[in-house]
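For reference, the structure discussed in these notes is given below.
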Amino acid sequence: MAEETREVRGRLPKDLKIAFEIACARLEITQTAALEEAIRDWLQKKDSPTDRKSQGS
């Protein structure tokens, strides 16, 4: 059974978007996979409230 997904949208400076597209192509990963990794890393870095709830703090 496939995991349920939701769409995320946003706007970036043109040069950042192009650099992201090039990096994904060079690394042979989808932009979706790269965004998921980036968001997970960001949430971990920011010690997201979701993490705090699961840890019981």
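For the reader, a short list of remarks on this structure follows.
- Under the Karplus curve 6.51 cos²θ - 1.76 cosθ + 1.60, θ = phi - 60°, whole-Hz ³J(HN,Hα) for the stretch 20-36, x wherever Gly or Pro sits: 5, 4, 5, 4, 4, 5, 4, 7, 6, 10, 6, 5, 4, 5, 5, 5, 4
- Evaluating 6.51 cos²θ - 1.76 cosθ + 1.60 at θ = phi - 60° for every residue in the stretch 2-16, the Karplus couplings come out as 6, 5, 5, 10, 9, 8, 10, 10, x, 10, 10, x, 3, 5, 5 Hz, glycine and proline recorded as x.
- Summed residue charge, Cβ within 15 Å of GLY10's Cβ, Lys/Arg positive, Asp/Glu negative: +2
Laboratory data are not the source of any read-out in this text; all were calculated from the coordinates shown. Predicted, not measured: the structure shown is a model, and the values here were computed from it. Here the Cβ is made from the backbone with ideal geometry for all residues, glycine too, and neighbour counts use every protein chain on show.
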